[in-house]
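Scroll down for the structure; my scribbles are underneath it.
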Amino acid sequence: MAEPAYSLLPDTGEPGFGVYVHWPFCAAKCPYCDFNSHVRHQPVDQERFAAAFLKEMATMRQFSGPKVVTSVFLGGGTPSLMKPETVAAILDGIARHWHMPDGIEITMEANPSSVEATRFRGYRAAGVNRVSLGVQALNDRDLKFLGRLHDVEDALKAIRLAREIFPRMSFDLIYARPEQTVEAWEQELRQAISYAVDHLSLYQLTIEEGTPFFGLHRAGKLIVPDGDQSALLYEATQEITAREGLPAYEVSNHARPGAESRHNLTYWRYGDYAGIGPGAHGRLSHGANRIATATERKPESWLEMVERDGHGMIDQEILGYEEQADELLLMGLRLKEGVDLARWQELSGRDPDPRREETLLEHGFIERLGNSRLRCTPSGMLILDAVVADLAC
Ligand code: SF4
């Protein structure tokens, strides 16, 4: 199969329009994961799911109207458990419902335990041009602790294969693991950078309610680094990635300039996106309204709803201007480029409270970029939620 030619369209700086498709199945459930992912011991009927994705797309297309797609993201779950034919059907469906120019970013998440060359080539032939690998750690002890099914050898094999087959690739690591020292993390991060191409996602381990880690943590059987240690790990991450040419463009995402994830930029620039599949969220402009959509999380219930009603939406909320302004701030302050103040003022109908802004400026948590943008400083990023809450009031 000939691989499609690919040259990434330049980033216009605009929010864009993304399509997110959620594949909700995994081979095993990781103990820290609170994503909408499910383990099934019977084979999943992929044709039936693909048909339902297409049906729900048709409904989302009615909401969004005609749009030019600027990125597609196949997330999960573990989308690399999909057959290439399923991926091809989904991408064909998107192209039928919206305009999908050549050169847009089409990302698929993949797990090193479910990677093999033939399938990777099949995804590439279907149109996927960027893969995001869930590597998570580069030592076997921590991979086991994180409940991952792969070891370091599998991860390195997957990275090599992804580099060979896809024009763009990224991988994720989780840090701030129990007993992780700054020195050990620095060493692991340098090793990761030596395998990276132009993008890395580096997340701190968070203990989410309802997960096995949450129970262990509450029982005192799982100790994670405290705030000070996490801050040291975060600072080391920023310093090393910046020095190595992969600076943060978002709290947890690092790229060489121009290699930022277009899809995630759409979220953080508060653009529109259609969320397809079980438990997917979307933001769609419909006339003068902006609608937040959410679908049924349980895969089989979602499937039945789509087959019956044409969609699995359980929530369609019209967002007020104030809510949109808060969301814009919440998303935009994650970015190094910050938020467009004129857009925020238009939505919220006001300027940032001068006293609150002054206090945050004095403490060095935020800074102005000329008169038009506001962003968090590196120390502000460490207390991002508090900064957002302060400005949004
Ligand atoms: S592979 Fe990813 S989505 Fe699946 S359970 Fe693990 S962390 Fe969650």
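Pull up the stretch 210-227, narrow it to residues that are part of a loop (DSSP other than H, G, I, E, B) and over 27 Å from the mean Cα position of the chain (by Cα), then point me to the one that is nearest to Arg148 (Cα to Cα). Within the stretch 210-227, the match that is nearest to Arg148 (Cα to Cα) is Lys221. Filter the stretch 110-121 for residues that are away from the ligand (no atom under 16 Å from the Cβ) and in a helix (DSSP H, G or I) and give the result. Ala117, Thr118, Arg119, Phe120, Arg121 - these are the residues of the stretch 110-121 that are away from the ligand (no atom under 16 Å from the Cβ) and in a helix (DSSP H, G or I).
Of all residues in the stretch 55-74, how many are polar (S, T, N, Q), closer than 14 Å to Ile106 by Cα and open to solvent by 10 Å² or more (accessible area, probe 1.4 Å)? Of the residues in the stretch 55-74, 1 are polar (S, T, N, Q), closer than 14 Å to Ile106 by Cα and open to solvent by 10 Å² or more (accessible area, probe 1.4 Å).
Of the residues making up the stretch 132-142, those that are free of Cβ contacts under 8 Å to residues at least 12 places away in the same chain and either among the hydrophobic types (A, V, I, L, M, F, W, C) or within 11 Å of the ligand (Cβ to nearest atom) (or both) number 0. Exactly one residue out of Thr70, Thr107 is away from the ligand (no atom under 16 Å from the Cβ) and β-branched (Val, Ile, Thr), and it is Thr70. Once the stretch 284-320 is narrowed to residues that are at negative phi and small (Gly, Ala, Ser), the residue that is most open to solvent (accessible area, probe 1.4 Å) is Ala288.
The residue of the stretch 376-393 that is most open to solvent (accessible area, probe 1.4 Å), among those that are in contact with a strand residue (DSSP E or B) (Cβ under 7 Å, 6 or more places away or on another chain) and farther than 22 Å from Glu323 by Cβ, is Thr377. For the stretch 77-90, the set of residues classified as open to solvent by 10 Å² or more (accessible area, probe 1.4 Å) and either under 20 Å from Leu133 (Cβ atoms) or in a loop (DSSP other than H, G, I, E, B) (or both) consists of Gly77, Leu81, Lys83, Pro84, listed by residue number.
Could you list, ordered by first residue, the pairs with Cβ atoms under 9 Å in which the first is in the stretch 29-54 and of a type in the set (Asp, Glu) and open to solvent by 50 Å² or more (accessible area, probe 1.4 Å) and the second is modelled with pLDDT of 95 or more and not in a loop (DSSP other than H, G, I, E, B), at least 6 apart or interchain? Listed pairs, sorted by first residue: Asp34/Phe214; Asp45/Leu303; Glu47/Glu85; Glu47/Thr86; Glu47/Ala89.
The values are calculated or read from the model by the stated rules, or taken from the named source; none is laboratory data. Every value quoted in this text rests on a predicted model; they were computed, and no experiment measured them. Ideal geometry is used to build each Cβ from the backbone, glycine not excepted, and the neighbour counts take in all protein chains shown. Areas reflect the complete protein model, heavy atoms only, side chains present, ligands, DNA and RNA absent. Shrake-Rupley method; radii C 1.70, N 1.55, O 1.52, S 1.80 Å.
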